[in-house]
1. Within the range 109-120, is there a residue that is within 14 Å of ligand 2 (Cβ to nearest atom), over 23 Å from residue 265 (Cα atoms) and buried (at least 16 other Cβ atoms within 10 Å of the Cβ)?
2. Any chance you could count how many residues in the range 155-205 are away from ligand 1 (no atom under 14 Å from the Cβ), closer than 19 Å to residue 129 by Cα and among the charged types (D, E, K, R)?
3. Let me spell it out: the conditions are (1) farther than 27 Å from residue 11 by Cα; (2) touching a residue at least 24 places away in the same chain (Cβ under 8 Å); (3) of a type outside the set (D, E, K, R), and residue 138 meets all of them except one. Which number is the exception?
4. Being of a type in the set (Gly, Ala, Ser) and in contact with a Ser or Thr (Cβ under 9 Å, 6 or more places away or on another chain) is the filter; apply it to the range 121-169 and report the residue that is surrounded by the most Cβ atoms within 10 Å (Cβ to Cβ).
5. Filter the range 160-175 for residues that are in a loop (DSSP other than H, G, I, E, B) and within 9 Å of ligand 2 (Cβ to nearest atom); which is nearest to residue 312 (Cα to Cα)?
6. For residue 368, are the conditions met, namely being modelled with pLDDT under 95, closer than 25 Å to residue 41 by Cβ, small (Gly, Ala, Ser) and out of contact with any strand residue (DSSP E or B) (no Cβ under 7 Å at 6 or more places or on another chain)?
7. So which of 328, 339 ends up being touching a residue at least 60 places away in the same chain (Cβ under 8 Å) and either of a type in the set (Gly, Ala, Ser) or within 11 Å of ligand 1 (Cβ to nearest atom) (or both)?
8. Within the range 170-179, how many residues turn out to be of a type outside the set (Lys, Arg) and either more than 23 Å from the chain's Cα centre (by Cα) or surrounded by 21 or more Cβ atoms within 10 Å (Cβ to Cβ) (or both)?
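The values are calculated or read from the model by the stated rules, or taken from the named source; none is laboratory data. What you are looking at is a predicted structure, and each value in this text was computed from that prediction instead of being measured. Here the Cβ is made from the backbone with ideal geometry for all residues, glycine too, and neighbour counts use every protein chain on show.
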Amino acid sequence: MFDYLIVGAGFAGSVLAERLANGSNKRVLICDKRSHIGGNAYDEYNEHGILIHRYGPHIFHTNSRDVFEYLSRFTDWRSYEHRVQASVDGQLVPMPINLDTINQLYGLKLTSFELEQFFANVAEPVEKLRTSEDVVVSKIGRELYEKFFRNYTRKQWDLDPSELDASVTSRVPTRTNRDNRYFTDSYQAMPLHGFTRMFERLLDHPNISVMLNTDYRDIEAVIPYKQMIYTGPVDSYFDYRYGKLPYRSLEFKHETHNVEVYQPAPVVNFPNEHLYTRITEFKYLTGQEHAKTSIVYEYPRAEGDPYYPIPRPENAEVYKKYKALADATQDVQFVGRLATYRYYNMDQVVAQALTTYAKIIGTKRQEATAAIAASATKMPTIVTKTYSLPSPMTISTNGAATAAARAKGASSEAA
Ligand code: FAD
Ligand code: UDP
């Protein structure tokens, strides 16, 4: 008998599996319908030996010390501050918009003080910042909004920024200094040997069994367990009782080029040209040295894997109904980006999972994480080097060849 069946082996599911097994000696079965662990953060070596992120660029950043220290038990880090350029008016300029963006774009030589004045002159007064359009035009005016935000957002979400919550474009700041980092969080680093290796370590515990290629619906009736942790889409769990919650999808087009460097920045955004939103060159993110280079294009799609909850009031209303159902469903915890319908970054999902664990064991998050810190033997290690020969990752799990065989194996083990 398993104490927990965990649905989904992304950050939410894997952190909870680790905590329940390691922290509470529970027996855990974690399943994922995909053929790998790691959820959307999964990375792998492609046929050229280049480490890529299958589901688009994942950059780790957090202000939460306990999240960073917790993950540091399972990985060393490579120091990495992310930088993005936007292709606007035939130039590549820093994004988020900063002093250099404006000077380069308009051929000016403004100082920071003068840029503040510039923004104040072009900004449109907005009484209440409600939408993603309000956030931008109230700070930098309509012209810059149209050049950098309007069309990118329409492409990404198939909605006008005026139809999306303020929180979406609020993710991208505007600066009057020359700081060209995408994030300003206190901790910015990439797992030294990749996310998948980190997930392997999270799940490497004798109490944890992993079943891949397995939809939980195919096994829930045959495998005895006491409680469930569910990290898939919440509307799917309840058979779309209140209709489909909209999630936005992407199609990824991966390419490898026979050159060492493809583009001048880790990510180039295309607000106004092309059907894709951005191109990412992975070697910048991973620090890998290789004679070739791999990139990915992101094409926004309505159909496909659910990647982004869509933050707007009508969706929040539908989610509220599902949340009421979820809250009333005893013995199932709903955790993660899809199950709580939140546009969360990786660190926020880890924090949510740690909070859920604290709740399960009847304590506060701070106390639970203090206990982890006290038992930790390893402090964060951050290196700055690049590396040329990373050891290849093997995905070792306890799963057998097919879902059916695994289900049978797990149930006989449980018997
Ligand atoms: P997921 O990783 O989605 O895991 C859920 C798992 O549940 C999936 O593997 C799925 O297969 C499985 N599942 C679903 N239904 C079932 C079922 N019925 N049976 C079995 N298994 C099921 N965050 C950052 O911090 N930095 C970034 O740079 C960043 N970039 C991103 C770029 C893109 C393109 C996307 C889409 C997301 C990005 N994120 C980033 C967000 C990050 O991916 C998420 O915060 C995080 O991966 C969510 O973890 P999760 O465990 O909640 O969900
Ligand atoms: N955005 C934009 N132009 C850009 C970058 C971002 O309009 O050059 C908007 C867009 O709506 C996007 C949101 O800001 O979806 C959040 O951007 P972020 O880079 O955080 O998106 P993510 O990495 O989550 O896809």
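1. To start, the set of residues in the range 109-120 that are within 14 Å of ligand 2 (Cβ to nearest atom) comprises none.
No; the residues of the range 109-120 include none that is within 14 Å of ligand 2 (Cβ to nearest atom), over 23 Å from residue 265 (Cα atoms) and buried (at least 16 other Cβ atoms within 10 Å of the Cβ).
2. Counting residues in the range 155-205 that are away from ligand 1 (no atom under 14 Å from the Cβ), closer than 19 Å to residue 129 by Cα and among the charged types (D, E, K, R) gives 4.
3. Every listed condition holds for residue 138 apart from (2).
4. Applying the first criterion (of a type in the set (Gly, Ala, Ser)) to the range 121-169 yields 123, 132, 138, 141, 162, 166-167.
Applying the additional criterion that residues be in contact with a Ser or Thr (Cβ under 9 Å, 6 or more places away or on another chain) yields 123, 132, 162, 166-167.
On the way: 123: 16, 132: 28, 162: 13, 166: 19, 167: 13.
Restricting to residues being of a type in the set (Gly, Ala, Ser) and in contact with a Ser or Thr (Cβ under 9 Å, 6 or more places away or on another chain), the top hit is 132.
5. Pass one, the range 160-175, residues in a loop (DSSP other than H, G, I, E, B): 160, 164, 170-175.
The next check asks that each one be within 9 Å of ligand 2 (Cβ to nearest atom); those that pass are 164, 170-172.
Details: 164: 5, 170: 14, 171: 15, 172: 18 Å.
Taking the candidates together, the pick is 164.
6. Numbers: modelled with pLDDT under 95: yes; closer than 25 Å to residue 41 by Cβ: yes; small (Gly, Ala, Ser): yes; out of contact with any strand residue (DSSP E or B) (no Cβ under 7 Å at 6 or more places or on another chain): yes.
Spelling it out, residue 368 is indeed modelled with pLDDT under 95, closer than 25 Å to residue 41 by Cβ, small (Gly, Ala, Ser) and out of contact with any strand residue (DSSP E or B) (no Cβ under 7 Å at 6 or more places or on another chain).
7. Only one candidate qualifies: 339.
8. Of the residues in the range 170-179, the ones of a type outside the set (Lys, Arg) are 170, 172-174, 176-177, 179.
Retained after the next criterion (residues that are either more than 23 Å from the chain's Cα centre (by Cα) or surrounded by 21 or more Cβ atoms within 10 Å (Cβ to Cβ) (or both)): 176-177, 179.
The total comes to 3.
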